[in-house]
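Any read-out appearing in this document is the output of simple, stated calculations on the displayed coordinates, not a laboratory observation. All values derive from a computational prediction rather than experimental measurement. Don't worry about glycine lacking a Cβ; one is built from the backbone with ideal geometry, like all the others, and counts go over all protein chains shown.
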Amino acid sequence: MTDTKPSPASDVDPALLEILVCPLTKAPLRYDRAAGELISDAARLAYPIRDGIPIMLPDEARPLDG
């Protein structure tokens, strides 16, 4: 048996990504695999993904630049 550790970005269940929306705008989110974040273009926020779990709290989101 091999011990493989998936990267944090690849931990997110694709089915979960299909149903999540921005909690502020209810708009769809896009997945930024490189940053490990879910992006709300409508709210201009990036929600972090920690240990494969999207943190959908506006207070935890990072504002997007420009």
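A few points about this structure:
- A full extension of the chain between residue 21 and residue 51 corresponds to an added length of 8.9 nm, given 0.36 nm per residue minus the alpha carbon distance.
- Around residue 60: net Lys/Arg minus Asp/Glu count, Cβ-Cβ under 13 Å: 0
- Approximating the spin labels as points 7 Å out from Cα along Cα→Cβ, the residue 13-to-residue 34 distance works out to 2.9 nm.
- Segment residue 42-residue 59, length gained on full extension (0.36 nm per residue, minus Cα span): 4.5 nm
- Its convex hull of Cα atoms gives segment 23-66 a direction-averaged projected area, equal to a quarter of the hull surface, of 3.0 nm².
- Ranked packing of 20-26, 34-40, most packed first, by mean Cβ within 10 Å: 34-40, 20-26
- The phi-based Karplus calculation (6.51 cos²θ - 1.76 cosθ + 1.60; θ = phi - 60°) puts the 3J(HN,Hα) values of segment 44-54 at 6, 10, 10, 8, x, 10, 10, 6, x, 10, x Hz, whole numbers, x for Gly and Pro.
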